[in-house]
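Down below is the structure, laid out as structure tokens.
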Amino acid sequence: MNKRPGFAVIGMGYMGRRHAQIISAMDETQLVAVADTDPSLQPELTKTFGVPFYASAGELLEAHPEAEVICIATPNGSHAALALQALDAGRHVVIEKPMALTKADCEQVIHRSLQVGRHVFCVMQNRYSPPARWLKQLMDENRLGRIFLVQINCFWNRDDRYYRPGRRSPKDWKGTRLQDGGPLFTQFSHFVDMMFWLFGDIEHIRGRFENFAHRHSTEFADDTGLVTFRFRRGGMGCFSYSTAVWDRNLESSITIIGEKGSLRVGGQYMERVEYCHIRDYVMPELPPANPPNDYGDYKGSAANHQYVFRNVVETLRGQSTMTTNALEGMKVVEIIERIYRQLSVGVAVSAATE
């Protein structure tokens, strides 16, 4: 397979447009169609991308067999159903994070992909940032020895500017249980993925959760959480998160304390090394990280999607393996589900004591 594979994007909000822009700009890929359930977007999108627009996934799949890869960038709760539809049509699938909102839905997608012999790629673009790759190398080489403690902080701003419906989110899915799922799914699944990628699975989960600033704008019981656990490979961990930070993002950081050294990677989305002291180790100079995705009123994680799509092409050509496969995508969803189970337990206990 030497020709450029055809890509189509379903869901043309901010992230879907980001997919389409990058696919159109890359030499290795070609954008052949886009779809969105809002037909009013057709004139603008057709002019911007120069490809056919469809009001449903079914219409796109039927009209474009040359779209070998379907990118799903719709609200979280629809990811699994659309992935199944694309797989049934014989297409490979790229799913924006999170892969789904339940492990059961992820299992369905994986089972179908095996039945039809197609790949499912999960978008976890933060793995491509220079500090992330460096951290992975350190862990693979066991430079820190036994891991004692890992502290992850994710403190972001998502205020009413984010949750109000806008031109690109006319159905106001953000903040809903069935389509959004909560901040760990929508804002911080990248960092749950980073934790799993570096240190493996967790157990003995305990959590405290509050909704300080979003009771009027979301259906969630949390905008802030303090989660503690143990890693199955050994060591303790704490994941602290909040979307209640005023006005703009504060930080996304990871601090690791190990047997042979300590380090901290910080910034708004873990893009810079702030401390490194490891026995018999000289830290290399890392290339600069890409800027965050800029959505106007707020910012997201690093703009690394081009590496994701290049990995898709190389995998289809047999030149590489998936950066984030469906099993890993499912594992992130499962971990978040287990964390949120603690929230349900806390709500039940609180109600019983009232």
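Throughout, read-outs are computed from the coordinates displayed, never taken from laboratory work. In this text, all values refer to a predicted model and were calculated from it rather than measured experimentally. Neighbour counts run over all protein chains shown; Cβ positions are idealised from the backbone, glycine included.
Tabulated data
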| item | result |
| --- | --- |
| Cleavage-rule hits (trypsin sites (Lys or Arg not before Pro)) in region 1-83: DSSP loop, at most 12 neighbouring Cβ within 10 angstrom | 3 |
| Neighbour-count order for 138, 101, 316, fewest beta carbons within 10 angstrom listed first | 316, 138, 101 |
| Net charge dipole size for region 198-237 [Lys, Arg +1 and Asp, Glu -1 on Cβ; Debye, nearest 20] | 260 |
| Share, in percent, of DSSP beta bridges within the chain that are antiparallel, nearest 5 | 60 |
| Axial C-alpha extent at least 24 Å, average Kyte-Doolittle at least -0.5 - helices from the chain (DSSP) | 326-353 |
| Spin-label zone in region 8-44 - amide nitrogen under 20 Å from a point set 7 Å from the Cα of residue 59 along the C-beta vector | 8-14, 16-17, 20, 31-44 |
| Convex hull (Cα only) mean projected area of the chain, reported in nm² to one decimal | 18.2 |
| Of 135, 157, 191, farthest towards positive along the dipole that unit charges on Lys, Arg, Asp, Glu beta carbons give the chain | 135 |
| Gaussian network model of the chain, Cα within-10 Å springs - most flexible of 26, 194, 124 | 26 |
| Full-extension gain in nm, residue 257 to residue 3, via 0.36 nm per residue minus C-alpha separation | 86.7 nm |
| Length released on extending from residue 28 to residue 215, taking residue separation times 0.36 nm less the Cα-Cα span | 62.8 nm |
| Burial ordering of 338, 91, fewest other beta-carbon atoms within 10 Å first | 338, 91 |
| Stretchable slack from residue 149 to residue 321, in nm (0.36 nm times residue separation minus alpha-carbon distance) | 58.8 nm |
| Computed FRET value (nearest 0.05) for residue 40 with residue 104, which takes r as the C-beta separation and R₀ as 41 Å | 0.75 |
| Taking 99, 270, 15 and counting other C-beta atoms within 10 Å, the order from fewest to most | 15, 270, 99 |
